[in-house]
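Student: First the structure, which I've put down as structure tokens, then a few questions once you've had a look.
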Amino acid sequence: MTVDSEPPVFPVSIKLTAARIDDKHTDVAVLGFSNCIVILVTQLSSVGSLVQCVVSQLADTMLADPQHMADQLANEASVPVDIKFLLGNPGACAASSLYQILATFLSQRKHTQNPSDVRPVVLGIGLDLPREYKVSMDDGMPDLGAFSSTMNAVSALVDECRVW
């Protein structure tokens, strides 16, 4: 007896894209493993840090009440995410704060696009950040206003490569 079915996806579904962001060539690869989503973003032809993002179990409680979930998920920033650097030194430079912000943003976005996909996101990132992104003159904190256009452009590229 034969059963018609589509062949399984090679052990990992992979999608790739590239574009110019801030006048720099940027490569994006998204890999869908059975236990996690790996997103690689680089302008340096290498990955400098690996950050694991897990949507907090608090987000799962929102699923119990569909109306509450709809209200909460209307704002991506309300989805709690736990961040952990797997490789790279989170305290070494101001860029690590921007990497954490980007990792949180991409993980929240994945969760709002498909709340039933509970796989964590592992973000490999190597961006050539201009000096003005790294530190604000006022308080020594990263300048999020300058970084937001880069973050939105990276997010758009990741959306092109969705595997969730």
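The values are calculated or read from the model by the stated rules, or taken from the named source; none is laboratory data. Every value quoted in this text rests on a predicted model; they were computed, and no experiment measured them. Positions of Cβ are generated from backbone atoms using ideal geometry, with glycine treated the same way; all protein chains shown enter the neighbour counts. Just so you know, the surface numbers come from the protein's heavy atoms only, side chains and all, with ligands and any DNA or RNA stripped out. Shrake-Rupley method; radii C 1.70, N 1.55, O 1.52, S 1.80 Å.
Student: Got a number for residues in region 101-123 being surrounded by fewer than 20 Cβ atoms within 10 Å (Cβ to Cβ), polar (S, T, N, Q) and either touching a Phe, Trp or Tyr at 6+ places or on another chain (Cβ under 8 Å) or part of a helix (DSSP H, G or I) (or both)?
Tutor: Of the residues in that region, 3 qualify.
Student: Here's a follow-up. Between residues in region 143-162 that are in contact (Cβ under 8 Å) with a residue 12 or more places away in the chain and residues that are acidic (Asp, Glu), which pairs lie under 6 Å by C-beta distance while being six or more apart or on different chains?
Tutor: So the pair list comes out as ALA146/GLU132; THR150/ASP22.
Student: Kindly indicate the residue of region 64-97 that is in a helix (DSSP H, G or I), surrounded by 11 or more Cβ atoms within 10 Å (Cβ to Cβ) and not hydrophobic (A, V, I, L, M, F, W, C) and also modelled with the lowest pLDDT among those meeting that condition.
Tutor: Among them, the one singled out is GLN72.
Student: For region 9-44, which positions are part of a strand (DSSP E or B), open to solvent by 30 Å² or more (accessible area, probe 1.4 Å) and closer than 22 Å to SER116 by Cα?
Tutor: SER13, ILE14, LYS15, LEU31
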